[in-house]
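Peer 1: Take a look at this one; I'll ask things after.
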């Protein structure tokens, strides 16, 4: 695989949640002194832009395939911290089957789902977590389904996994949950942390409005550890 | 007669709006027009390119590497179109117009319209269309926006100056 | 249809064509550069309640939903690209095996893997022979917006009449190009076959117990395919009668190659173009028109998928030189330079 030495600083949109989430993941791994044992598999969506962002081994996979890739990676390298970093589409739409199976099998990987309720990179189509009534590129009259609650669904399949949901505007809690999740995988369990995130570009919002919207999402997507 | 115009800028600088107005004007003038955009993967912040061709005959292929007119609106765009410079006819480089733009108090969001003025002058001189044709297309797209007065000023200033 | 001058993009033209063809439903998954076809169909559906659609969970589901719709007698289609084309092979293979009138628009982008979201001609193999069958598909390669319209219309008719999956193999450049277009051909629509009848019942399978049964089924299908080929295999021969050198190209590269032929002729070289309009079935008889020529050049935005197809399908295929540009667009002057360098007398 060609190594690209010329990397841009940050490729994400201004105000994107990915930046905070990835930086928090990095801080946690550095703090635990486990960054050199970690590997991050990325979905193909906006998450792919993180491929050269962090001083941690990172590789793109395919859309919906970060989870099965990290299942294989972890099995090949059992002392690693295998992280599947994906959006809501990669996790709950095209990749749902693999996610449920990794949970069912209790594969000791950490899945981070960045949930911004929209397909960002392809220009704002409906996501499995889009809200009822949300206007998107493929639901111009408003979406007519209820959003998928991924962590809750996964909990049905696995009682011992570490499962939590937080938000990009709660970085301290995010760091705490990620640390616990990593420890859970080291103890041999599946871990899922969903992080509600901003997409100012496709939400067509900026700054305060975008943060208010993020907080409003918490009415639908309950934050906290899911027991 | 045939002209190849490559417009390049950062996403958000209005490259696609600009090309839309030019295409609209050419179409209204009964000419053949071809347009294809090119973006990076990022939704924001990447380079936005528009390949525009205006002709009296059907256009075979949307892309070209030898623009008659190359507009560069940002540093990033300049990097991205490095290889086109040698093969370009006229190059409109934003750095050469910073002074004029600030002297005429053209605001940031109207800069693309300033360059529209410049490009229109070229199209008029080369006989592709009349100034009004472009102005009509501009009006259709932007007259209802709050920035209209600034846009008129930007257009007129650009047209006056020409390349 | 009145000859009204319009400024339309490839995706606009596809949606116009599928609607004119009488398509009722579209199933798809967002993937650049094909997503606009789905979102534009959905926008039209807001104004026409007969139009159905669903953004499915992935391309596999989209493909099988189209298969389901056509089994129920509805004109249905999907549009996909790159990695999506790979996933679509599952449903396409079923359509091949069960003789379903399945229509798909394939918008080629760079490969392998996620490649680019932009352009290539690297899905020729996938389109013509991507499944686990014998590649009994109909594949068109449009070189212009007009052809994109015609071939999309044709895809529905040919799929309905001959019952093989029909694919319009276009690319990210053509689908995103906006041009002035005014002459949409008037074509009569063939109605969708009612496969699962509403009265009585049918029993259909795609798996067989013994080898002999499957072999017989394949031979039956092949007979139909060969018979169909005589009618629908098409190609364009431009200035080939007296040509020393023939350029072979498809899709938008075919259009560029045609301009290259004109430029080369202006320089005194006797060059012609042979352009397949259908990649499957290939117009092998049409190719025979080029036999007088001494030199052949295959130009494509891939590392030889068209070249390989020609070698496979044309018996006594002549040797050709190749201008391969995998995942890159090809401009007229590139082909002119290449031919001049190779074949112009010093």
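Just so you know, all these numbers are worked out from the coordinates, no wet-lab data involved. If you're wondering where the values come from, they're calculated on a predicted model, not measured in any experiment. When we count neighbours, we look across all protein chains shown, and the Cβ atoms used for this are built from the backbone with ideal geometry, even at glycine.
Peer 1: If one takes the longest principal axis of the Cα atoms in chain A, at what angle in degrees, from 0 to 90 and to the nearest 10, does the Cα axis of helix A:66-76 lie?
Peer 2: Tilt of helix A:66-76: around 10 degrees.
Peer 1: Let me ask something additional. Using a Gaussian network model on chain A with a 10 Å cutoff between Cα atoms, which of A:39, A:84, A:11 fluctuates the most?
Peer 2: In the Gaussian network model the winner is A:11.
Peer 1: Something else about it: What is the angle, in °, between the Cα long axis of helix A:171-186 and the longest principal axis of the Cα atoms in chain A? Nearest 10 is fine, range 0 to 90.
Peer 2: For helix A:171-186, the angle is close to 40 degrees.
Peer 1: If you build the Cα gyration tensor of segment A:28-147 and take the root of 5 times each eigenvalue, what three semi-axes come out, in whole angstrom, biggest first? Each step should come with its number before you reach the end.
Peer 2: Working: eigenvalues 164, 48, 23 Å².
For segment A:28-147, the ellipsoid semi-axes come out as 29, 15, 11 Å.
Peer 1: For the pair residue C:209/residue C:226, report the inter-label distance in nm, with labels modelled 7 Å from Cα in the Cβ direction.
Peer 2: 3.0
Peer 1: Suppose we keep just the DSSP beta bridges with both residues in chain B; what percent of those would be antiparallel, to 5?
Peer 2: On the way: 17 of 25 bridges.
For chain B, the DSSP antiparallel bridge percentage is about 70.
Peer 1: Looking only at segment A:121-227, where both bridge partners belong to it, what percent of the DSSP beta bridges are antiparallel (to the nearest 5)? Spell out each step's value before the answer.
Peer 2: Numbers: 3 of 9 bridges.
The answer is about 35 percent antiparallel.
Peer 1: How large is log10 of I(q)/I(0) for segment C:265-336 at q = 0.14, 0.20 Å⁻¹ when the intensity is taken from the Debye formula with one equal scatterer per alpha-carbon?
Peer 2: The Debye formula, applied to the Cα set alone, gives -0.47, -0.97.
Peer 1: Can you bin segment C:93-193 into rounded, prolate or oblate? Criterion: square roots of the alpha carbon gyration tensor eigenvalues sorted a ≥ b ≥ c, rounded for a/c under 1.5, prolate for a/b above b/c, oblate for the rest.
Peer 2: Details: a/c = 2.96, a/b = 1.06, b/c = 2.79.
Oblate is the answer for segment C:93-193, as a/c is 1.5 or above yet b/c matches or exceeds a/b.
Peer 1: Out of all DSSP beta bridges with both ends in segment C:5-232, state the antiparallel percent to the nearest 5.
Peer 2: Working: 4 of 23 bridges.
Of all bridge pairs located within segment C:5-232, approximately 15 percent are antiparallel.
Peer 1: Right, another one. For peptide B:51-57, compute the average count of partner chain beta-carbon atoms within 10 Å of each residue's beta-carbon.
Peer 2: On the way: counts 2, 1, 1, 0, 1, 0, 0.
Per-residue shielding by partner chains comes out at 1.
Peer 1: Same structure again: In whole Å, what are the Cα extents of segment C:163-243 along the three principal axes, biggest one first?
Peer 2: Largest to smallest, the principal-axis extents are 52, 39, 27 Å.
Peer 1: Using just the Cα positions, wrap chain C in a convex hull and report its mean projected area in square nanometres, one decimal place. The partial results should precede the final answer.
Peer 2: Values: hull surface 74.0 nm².
One quarter of the hull surface, i.e. the mean projection, equals 18.5 nm².
Peer 1: Taking the protein assembly as shown, how much of its Cα-Cα pair set, in percent, is spaced more than 35 angstrom apart?
Peer 2: Working: 138521 of 270480 pairs.
For the protein assembly as shown, the share of Cα pairs beyond 35 Å comes to 51 percent.
Peer 1: Label-point separation (nm) for residue C:116 and residue C:303, each offset 7 Å from Cα along Cα-to-Cβ?
Peer 2: Label at residue C:116, label at residue C:303, 1.6 nm between them.
Peer 1: Right, next: Along each of its three principal axes, how wide is the spread of alpha-carbon positions in segment C:141-201, in whole angstrom units, largest first?
Peer 2: Sorted from largest, the Cα extents of segment C:141-201 read 49, 23, 16 Å.
Peer 1: Average partner chain C-beta neighbours within 10 Å, per residue of C:49-60? Present the calculation step by step, with values, prior to reporting the outcome.
Peer 2: On the way: counts 0, 0, 0, 0, 1, 1, 10, 2, 9, 8, 2, 2.
Average neighbour count from other chains, rounded to a whole number: 3.
Peer 1: In the Gaussian network model of chain B, springs joining C-alpha atoms below 10 Å, which of B:66, B:56, B:93 carries the largest mean-square fluctuation?
Peer 2: Comparing B:66, B:56, B:93 in the GNM, the peak value goes to B:56.
Peer 1: Counting each pair of different Cα atoms once, what's the Kirkwood radius of chain A in Å, rounded to one decimal? Kindly include the intermediate steps, with their values, before the conclusion.
Peer 2: Numbers: mean 1/r = 0.0578 Å⁻¹.
About 17.3 Å for chain A.
Peer 1: Rounded to the nearest 10 degrees, what's the angle between the helix C:211-232 long axis and the longest principal axis of chain C, both from Cα atoms, 0 to 90?
Peer 2: Computed tilt is about 60 degrees.
Peer 1: Arrange the peptides C:171-177, C:330-336, C:223-229 so that the one whose residues have, on average, the most other Cβ atoms within 10 Å appears first. Don't jump to the answer; show the numbers that get you there.
Peer 2: Numbers: C:171-177: 26.3, C:330-336: 20.7, C:223-229: 14.3.
Highest-to-lowest ranking by the protection proxy: C:171-177, C:330-336, C:223-229.
Peer 1: Give the order of B:133, A:13 when sorted by the count of other beta carbons within 10 angstrom, beginning with the fewest.
Peer 2: Details: B:133 20, A:13 23.
Listing B:133, A:13 from fewest to most nearby Cβ atoms yields B:133, A:13.
Peer 1: Using packing as a proxy for protection, rank A:141-147, A:156-162 so that the peptide with the highest average count of other Cβ atoms within 10 Å comes first.
Peer 2: Values: A:141-147: 13.9, A:156-162: 15.7.
Most protected by this proxy first, the peptides run A:156-162, A:141-147.
Peer 1: While we're looking at this one, here's another question. For residue C:219 and residue C:342, FRET efficiency with R0 = 51 Å and r from the beta-carbon atoms, rounded to 0.05?
Peer 2: Working: r = 43 Å, r/R0 = 0.84.
E(calc), rounded to 0.05, equals 0.75.
Peer 1: Compute the Cα gyration tensor for segment C:28-175, then decide on rounded, prolate or oblate, letting a ≥ b ≥ c be the square roots of its eigenvalues: rounded whenever a/c is under 1.5, prolate when a/b is larger than b/c in the other cases, and oblate in all that remain.
Peer 2: On the way: a/c = 1.29, a/b = 1.06, b/c = 1.22.
Judged from the Cα gyration tensor, segment C:28-175 comes out rounded (a/c under 1.5).
Peer 1: Give me the percent relative contact order of chain A, please, defined on Cα pairs under 8 angstrom at least 6 residues apart.
Peer 2: Values: 464 pairs, mean separation 44.3, N = 227.
Relative contact order here is 20 percent.
Peer 1: Still on this structure, I have one more. For segment B:1-152, treating each Cα as an identical point scatterer without solvent, what Debye log10 I(q)/I(0) comes out at q = 0.08, 0.09, 0.12 1/Å?
Peer 2: Values returned for q = 0.08, 0.09, 0.12 Å⁻¹ are -0.20, -0.26, -0.47.
Peer 1: For chain A, set up a Gaussian network in which alpha carbons nearer than 10 Å are linked by springs, and say which option among A:201, A:185, A:166 fluctuates the most.
Peer 2: A:201
Peer 1: A further question on this structure: Enter the mean number of other protein chain beta carbons within 10 Å of the beta carbon of each residue in B:59-68, as an integer. Working shown, then result.
Peer 2: Details: counts 5, 12, 14, 9, 8, 4, 4, 2, 0, 0.
Average per residue, whole number: 6.
Peer 1: Now, a different point. Report the residues of segment C:71-93 in range of a label on residue C:194: point 7 Å along Cα→C-beta, backbone N strictly under 15 Å from it.
Peer 2: C:71-75
Peer 1: For A:163, A:56, what ranking results if the residue with the fewest other Cβ atoms within 10 Å of its Cβ goes first? Walk me through the numbers before you get to the answer.
Peer 2: Details: A:163 27, A:56 20.
Listing A:163, A:56 from fewest to most nearby Cβ atoms yields A:56, A:163.
Peer 1: Once you order the gyration tensor axes a ≥ b ≥ c over the Cα atoms, which shape class does segment C:223-346 get: rounded for a/c under 1.5, otherwise prolate or oblate by comparing a/b with b/c? Working shown, then result.
Peer 2: Working: a/c = 1.93, a/b = 1.52, b/c = 1.27.
Since a/c reaches 1.5 and a/b is larger than b/c, the shape of segment C:223-346 is classed as prolate.
Peer 1: Using a 10 Å cut-off around each Cβ, can you sort A:135, A:154 from fewest to most neighbouring Cβ atoms?
Peer 2: On the way: A:135 13, A:154 25.
With the fewest neighbours first, A:135, A:154 line up as A:135, A:154.
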